[in-house]
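The values are calculated or read from the model by the stated rules, or taken from the named source; none is laboratory data. Keep in mind that what you see is a predicted model, and the values were worked out from it rather than measured. Here Cβ is always computed from backbone atoms with ideal geometry, including for glycine, and neighbour counts include all displayed protein chains. Ligands, DNA and RNA are stripped out before the accessible areas are found, and what is left, the full protein with its side chains, is counted by its heavy atoms. Shrake-Rupley method; radii C 1.70, N 1.55, O 1.52, S 1.80 Å.
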Amino acid sequence: MKDKNPIDNVYFYSKRKPNEASAINDYQLSSFLPEKFNEELVRVYYKITDGNKEKEKKKVEEAEKCFQKWCKSKFGIQ
């Protein structure tokens, strides 16, 4: 979304009007929202070497572990 505020595209529903969506005003936003939002796109590629499904499954599992380790080191999340 680059410089756009993602909250501008979020709509809320209330119990009183469950079929009517409404936007939230700036003064209603929490003070805990970050000033800037960031998106990360990560793609992991691997090469199929011999067609052995067990080896390929292990490669995917290892790639997932590496990705989780990267997320934890970069963002503190798993």
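Values as computed for the structure displayed
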read-out: For the chain, size of Cβ-based charge dipole, Lys and Arg +1, Asp and Glu -1, in debye; value: 300 debye
read-out: Segment 7-63 shape via C-alpha gyration tensor axes, a/c threshold 1.5; value: prolate
read-out: Relative contact order [Cα under 8 Å, 6+ residues apart], the chain, whole percent; value: 15 percent
read-out: Share of carbon and sulfur in the accessible heavy-atom surface of the chain [1.4 Å probe, %]; value: 51 percent
read-out: Accessible area expressed per residue, the chain, with surrounding protein chains retained (probe 1.4 Å, Å²); value: 103 Å²
read-out: Rounded to 10°, Cα long-axis angle of helix 53-75 versus longest principal axis of the chain; value: 40 degrees
